[in-house]
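A.B. asks: One structure coming up, written as C-alpha cells, with questions to follow.
The values are calculated or read from the model by the stated rules, or taken from the named source; none is laboratory data. Everything numeric here is computed off the predicted structure, so don't read it as measured data. Every residue, glycine as well, gets a Cβ built from its backbone with ideal geometry; the counts of neighbours run over all protein chains shown. Heavy atoms of the whole protein, side chains included, go into the accessibility calculation; ligands, DNA and RNA do not. Shrake-Rupley method; radii C 1.70, N 1.55, O 1.52, S 1.80 Å.
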Amino acid sequence: FAYSKLQPGEICGLHTHVTMEEYFFFLSGTAKYFVGEEVYNVEKGSFLRIPANTYHELRNNNTEELEIIYFGIATD
C-alpha cells in the first residue's frame with residue numbers, strides 16, 4: 001500500500017504498467033482520472049481499478065488537496 005497527495009494543479013502524467021493492475025481509494029478531494037478512453041470524476045470514497053497495460057493520468061484541477069491510498073498487483 002502507498003499513500004499520496006496531489007496538490008491543486010498537480011498531475012500524475014499519462015503512463016501505463018504493462019504487468020501490473022493498480023487500485024486507488026480516494027480519501028479526500030476531487031479530481032479527474034483518465035483511464036484508456038474513459039474519464040472518471042473521482043471524490044472522497046471513490047474506488048478505481050486500472051487494468052494492466054492501460055494508459056492512465058490523474059489530474060487534480062481543483063483548489064483542494066487530493067489524498068489517495070493505492071496499491072498494485074502484478075499480473076505476470
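A.B. asks: Can you name the residue in region 8-35 that is aromatic (Phe, Trp, Tyr) and farther than 12 Å from Arg49 by Cβ and, of all such residues, is surrounded by the most Cβ atoms within 10 Å (Cβ to Cβ)?
C.D. replies: Restricting to residues being aromatic (Phe, Trp, Tyr) and farther than 12 Å from Arg49 by Cβ, the top hit is Phe26.
A.B. asks: Which of the residues that make up region 1-42 are in contact (Cβ under 8 Å) with a residue 24 or more places away in the chain and not in a strand (DSSP E or B)?
C.D. replies: Phe1, Gln7, Pro8, Gly9, Glu10, Thr16, His17, Val18, Thr19, Gly29 - these are the residues of region 1-42 that are in contact (Cβ under 8 Å) with a residue 24 or more places away in the chain and not in a strand (DSSP E or B).
A.B. asks: I've got another one for you. Could you please let me know if Asn53 is on the phi < 0 side of the Ramachandran plot and open to solvent by 50 Å² or more (accessible area, probe 1.4 Å)?
C.D. replies: no
A.B. asks: A follow-up question, please. Do we find that Asn61 is surrounded by fewer than 11 Cβ atoms within 10 Å (Cβ to Cβ) and either modelled with pLDDT of 95 or more or not in a strand (DSSP E or B) (or both) in this structure?
C.D. replies: It is false that Asn61 is surrounded by fewer than 11 Cβ atoms within 10 Å (Cβ to Cβ) and either modelled with pLDDT of 95 or more or not in a strand (DSSP E or B) (or both).
A.B. asks: So Gly45 ticks every box in (1) farther than 16 Å from Ile73 by Cα; (2) open to solvent by 50 Å² or more (accessible area, probe 1.4 Å); (3) assigned to a loop (DSSP other than H, G, I, E, B) but one. Which box is left unticked?
C.D. replies: For Gly45, the exception is condition (2).
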